[in-house]
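Notes follow the structure.
The values are calculated or read from the model by the stated rules, or taken from the named source; none is laboratory data. It should be emphasised that the depicted structure is a prediction, and the values quoted were computed from it without experimental measurement. Here the Cβ positions follow ideal geometry from the backbone for every residue, glycine too, while neighbour counts run over all protein chains shown.
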Amino acid sequence: MPGLVAIVGAVYLTLVAVDSRPIADDWQEFAAIPHVGVWAYVHGWWIAGSGRFTGFVGVWVMIRLLGTAAVIVTPLVLLLALWTLSAWALRGWARGMRAVLRWREALLLALLGTVAMLSSAPSLFDVVGWFAGSLVYLIAVVGVAAVAATYGHFSSSPSGVNWRSGGSLLLVAYVAAGCHEITGILIFLAAGLGIVTVRDLSAGETRTARTRALYCVTLGALAGTAVNLLSPGSRNRASVQGAHVSLGAATRTAWHNLTFLSADAHSGVLLLALATGVLAWQLLPAPSSRRGRLWTGAWGIFLLLVPWLLTSALTAWGGSTESDDRSPFRTSFLFTSSVMLAIAAFVVLLLSAFPTVLRGRRATLIALVLSTGGIVGFAHHTAPLIRAERMRARAVDLRGSSVRRQLSEHRRSIMLQPAPLLSVYTQAFDLSFARMDQQRPWLISALRSYYGIPAADHVVIARTQPRGYCLPGVTASWVGVRSCQELAAGR
């Protein structure tokens with residue numbers, strides 16, 4: 001039964017992807033990539049913009065293969081990858097514990113866990129609906145899952161870890177670290193904790209094989225993170241953003257980032273993490289020894305604290321914090337998703353200490369109640385976003401038709417209609433209903449390139465928000481968006 005509830009959550013995630021359209025950085029990627037090779041594109045970003053090489057390769061490949069359909073297909077592919085890789089990792093972990101976890105059970109648990117992680121995102125649109133965002137932040141979590149799955153597969157293999165499997169682990173960790181510097185460092189630290197764990201809990205050839213595998217992960221993560229952070233693009237971005245190391249700034253950001261977790265608790269989506277823990281208790285071998293429970297607790301604390309502190313510190317030091325000194329919505333997903341896994345781990349730890357509390361049907365019923373409550377909260381939070389996406393999709397389509405008509409009429413002044421997402425839970429920008437001097441020049445330039453507006457033509461931005469383009473109670477003053485009530489009142 002919890003599986004049916006998880007499927008409902010997966011449907012909502014799918015709708016967020018299906019109803020998305022290009023926004024913000026997406027326009028310049030769709031305009032530039034058809035005219036540039038992969039090496040020139042990735043190298044250009046690595047030199048001038050960012051060292052996150054894995055995502056840039058993904059952007060180039062998906063746009064060249066699919067065109068504008070990449071906006072929809074890419075997040076769906078990444079969500080599917082996160083689900084299947086998580087299931088593969090769970091099977092490898094169970095096999096390492098000398099237990100059998102069937103694919104059906106692994107996929108069920110992984111689906112509930114995937115929905116739980118995504119439900120924690122401060123902005124689901126910025127992680128799933130924003131094409132450029134998904135290929136930095138969602139793909140980073142997929143990269144972590146790929147490392148866990150590959151390690152679980154090779155470390156529990158009867159043939160052990162040889163040069164071929166070790167090279168594969170190193171490569172996967174390297175590529176995963178190229179997604180984002182935060183997850184690259186996180187993989188490195190997790191591999192270090194894994195080495196200590198393996199040396200304490202394993203013995204003989206098993207300990208040797210797993211330690212070798214983790215050393216390969218460590219080297220790959222270190223190399224990928226170095227290529228990322230030491231790139232001229234990353235150094236240039238840090239300089240532009242005024243990056244500097246400040247313990248006070250990191251502390252403030254860490255404290256303010258807790259509001260994301262309180263919002264998850266208020267919306268009820270934390271119940272999905274509790275349900276994931278109960279289901280994991282049913283399907284996976286629970287730690288029965290005192291030492292095993294201690295290490296489960298240690299990993300829970302790691303997942304709870306390290307990504308949160310790491311994300312807070314790096315965004316504060318990099319000068320990339322947003323309002324209220326918080327990490328950006330999209331970046332904060334890297335630690336809110338980890339907190340959900342930590343909660344699930346603590347549930348398993350608690351139930352393993354009191355194994356008679358939940359058994360059989362009682363555990364299934366509790367998991368069903370918790371997952372249902374979490375999905376209700378998730379649906380309540382996500383439904384307005386899907387409605388806003390659908391409204392924006394129509395606005396973007398109409399804008400494209402309007403621009404093509406104006407160009408065919410050889411007008412010298414081209415009117416562009418703003419199409420901001422009608423949500424306060426996004427930091428992805430479109431044109432705003434504001435004066436020309438308050439628009440973002442890089443966005444106007446990107447739209448000019450995307451629509452093929454000649455340089456000699458003058459671009460005019462419509463300042464009037466259409467009465468039909470609004471949602472009740474949704475006001476985003478920073479992009480000039482008023483609610484339906486405010487529009488009706490003439491304010």
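Remarks
- Within the range 441-457, residues that are within 14 Å of H410 (Cα to Cα) reach partners that are among the polar types (S, T, N, Q) and exposed (fewer than 10 other Cβ atoms within 10 Å of the Cβ) with beta carbons closer than 9 Å, at six or more positions or on different chains, in the pairs D457/S413.
- Contacts under 9 angstrom Cβ, first residue in the range 299-311 being over 22 Å from E322 (Cβ atoms), partner among the acidic types (D, E) and surrounded by fewer than 20 Cβ atoms within 10 Å (Cβ to Cβ), 6 or more apart: none
- Among the residues of the range 351-366, those that are assigned to a helix (DSSP H, G or I) and either under 26 Å from P122 (Cβ atoms) or without any contact (Cβ under 8 Å) to a residue 12 or more places away in the chain (or both) comprise G360, R361, R362, L365.
- Residue, modelled with the lowest pLDDT, within the range 346-382, restricted to residues that are buried (at least 23 other Cβ atoms within 10 Å of the Cβ) and of a type in the set (G, A, S): A367
- Only one of the listed residues (S327, S312) is farther than 21 Å from R98 by Cα and in a helix (DSSP H, G or I). That residue is S312.
- Only one of the numbered conditions (1) within 18 Å of A89 (Cβ to Cβ); (2) surrounded by fewer than 24 Cβ atoms within 10 Å (Cβ to Cβ); (3) not basic (K, R) is violated by N162, and that is (1).
- Some residue of the range 79-93 being outside any helix (DSSP H, G or I) and either more than 29 Å from A132 (Cβ to Cβ) or of a type in the set (A, V, I, L, M) (or both): no
- Looking only at residues of the range 93-105 that are free of Cβ contacts under 8 Å to residues at least 40 places away in the same chain and under 26 Å from the mean Cα position of the chain (by Cα), we find that the one that is surrounded by the most Cβ atoms within 10 Å (Cβ to Cβ) is W103.
- The condition (being under 24 Å from V71 (Cα atoms) and β-branched (V, I, T)) is satisfied by just one residue among V172, V128: V128.
- Residue list for the range 4-38, filter: more than 18 Å from T382 (Cβ to Cβ) and either assigned by TED's automatic domain parsing to the domain that holds L447 or of a type in the set (S, T, N, Q) (or both): Q28
- The set of residues in the range 315-324 that are assigned to a helix (DSSP H, G or I) and crowded, with 18+ Cβ neighbours inside 10 Å comprises T315, A316, W317.
- Selected residue [hydroxyl-bearing (S, T, Y) and at pLDDT 95 or above] from T84, T54: T84
- Taking the conditions (1) in contact with a helix residue (DSSP H, G or I) (Cβ under 6 Å, 6 or more places away or on another chain); (2) modelled with pLDDT under 90; (3) over 24 Å from S327 (Cβ atoms); (4) assigned to a helix (DSSP H, G or I) in turn, L101 satisfies each one other than (4).
- Those helices (runs of 4 or more DSSP H) lying entirely in the range 189-272 with at least 2 residues β-branched (V, I, T) and farther than 30 Å from A367 by Cα: 204-229, 247-267
- Residues of the range 383-417 classified as assigned to a helix (DSSP H, G or I) and either closer than 30 Å to V8 by Cβ or at pLDDT below 90 (or both), total: 15
- Any hit, the range 429-452, residues being surrounded by fewer than 17 Cβ atoms within 10 Å (Cβ to Cβ) and part of a strand (DSSP E or B): no
- Qualifying residue in the range 314-326 (condition: closer than 30 Å to V5 by Cα and at pLDDT below 95): no
- One residue alone among G9, G51 is outside any helix (DSSP H, G or I) and surrounded by 18 or more Cβ atoms within 10 Å (Cβ to Cβ), and that residue is G51.
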